[in-house]
Amino acid sequence: MRLADLSKRSGVSTATIKYYLREGLLPPGRQVNATTAEYDEDHLRRLRLVRALIQVGKVPVATAREVLGHVDDDSLGRTVRLGAALWALPQDAEPDEADPAVAAARVEVDRLLELLGWETSRELAPLSPVHRSLVVAVAALRRLDYPWDAELMAPYGELMMEVARRDLDFMETHASEAEKVEMAVAAAVLFQPVLRALHRLAQEEESARRYGIE
């Protein structure tokens, strides 16, 4: 398809597509002549991911370029490729190591991973921005005297593992390695609000079942 067709099918203006091309967020099309290029379904799929990152996830362009670089790096195995792409997404603030609440939270998070048997997460903890985000969140709870410890968090971790299994089952329905990783990254950006809303709806439903609605 030509640029105008790509714009029509994707809902992205030609000016924005040209910007994504210049910034390296979208691979160039097949050059037909000096002024015309053709694009295909891969470009359309990539445009959806770029929109998910930038327009919905509010990911800065430079960060989106880094994420997509990992998505496209076929020298990496699937686990490393996916992990690198997800780690490159914006994370929470770094923990303040001088804060006693952070030290206490780190102990509980480490105990949590041991309880869950998440050996890879334990091994990668010193490098993982996701691990640090969890430490920051638990530290905030403990700082306000909400005693969330490993035993209290473990059932939630088990539920999240089931969510992760479903995520990867869906990812594996896609054909190429790039599509699989693209889908996982898009889900990380787009599906988090769905999970948050479902959690709140479930709380409403369980509350009504337990206590009634009067």
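The values are calculated or read from the model by the stated rules, or taken from the named source; none is laboratory data. It should be emphasised that the depicted structure is a prediction, and the values quoted were computed from it without experimental measurement. Don't worry about glycine lacking a Cβ; one is built from the backbone with ideal geometry, like all the others, and counts go over all protein chains shown. When the accessible area is computed, the model is the full protein with side chains, heavy atoms only, and any ligands, DNA or RNA have been set aside. Shrake-Rupley method; radii C 1.70, N 1.55, O 1.52, S 1.80 Å.
Computed from the Cβ-Cβ distance with R0 of 30 Å, the FRET efficiency linking residue 143 to residue 87 stands at 0.70. Springs join every pair of Cα atoms under 10 Å in this Gaussian network model of the chain, and among 52, 164, 139 the largest mean-square fluctuation is at 164.
Per residue, the Cα convex hull of the chain amounts to 172 Å³. Mind pulling the angle between the C-alpha long axis of helix 150-171 and the longest principal axis of the chain? Nearest 10 degrees, somewhere in 0 to 90. Around 20 degrees separate the two axes. The fraction of accessible area contributed by carbon and sulfur in the stretch 1-76 is 50 percent, rounded to a whole number (1.4 Å probe; ligands and nucleic acids excluded).
So for the chain, averaging the separation of alpha carbon pairs under 8 Å that are six or more residues apart and normalising by length, what relative contact order in percent results? Averaging sequence separation for qualifying contacts and normalising by length gives 18 percent for the chain. Give the residues of the stretch 52-69 whose amide nitrogen is closer than 19 Å to a point set 7 Å from the Cα of residue 94 in the direction of its Cβ. From the stretch 52-69, the list is 63.
Distance from the alpha carbon centroid of the stretch 107-170 to that of the stretch 175-212 works out to 17 angstrom.
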